[in-house]
Amino acid sequence: MESSLKSGICPKCNAQDVYSTEDDRRKIVPHKFMYSTSWENRPSPVVDNFVCGNCGYAEFYVGLEGLETVKKTWERKQPQQN
C-alpha cells in the first residue's frame, strides 16, 4: 500500500511538514470548490484534509459516516476496460 500524508511524512517529497484538519472543526466539503450546478443538491460528507507544507501535495479522506452518505447518494464509477 502506498504511503499517505496521514503518516506525517509526504509520500511525494518526503518532507515532515504535514498539516491536517483531522481533529479540527476547519474541515471542508469538497464540492463547494466546484463550479458545477449539478452538485448543488447532492449530499456531501465533510472530509479530513492533509496538506504537505513543502510541496503542496494534498489528500482528503471521508469518515465512516460520510462514506454511508456517499454510497447511498453518489453514482458509482465503473472501472474502465483497457
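Where a number appears in this text, it was derived from the coordinates with a stated rule and is not lab data. Source: prediction; values computed, not measured. Here the Cβ positions follow ideal geometry from the backbone for every residue, glycine too, while neighbour counts run over all protein chains shown.
For this structure, a couple of remarks:
- One Cα centroid belongs to segment 47-82, the other to segment 7-23; the line between them spans 17 Å.
- All other residues whose Cβ lies under 15 angstrom from that of G56 are scored, Lys and Arg at +1 and Asp and Glu at -1, for a net of -1.
- Among C55, C10, a tally of other beta-carbon atoms within 10 Å of each Cβ gives an order, fewest to most, of C55, C10.
- Arranged from fewest to most other beta-carbon atoms within 10 Å of their beta carbon, Y61, Y19 become Y19, Y61.
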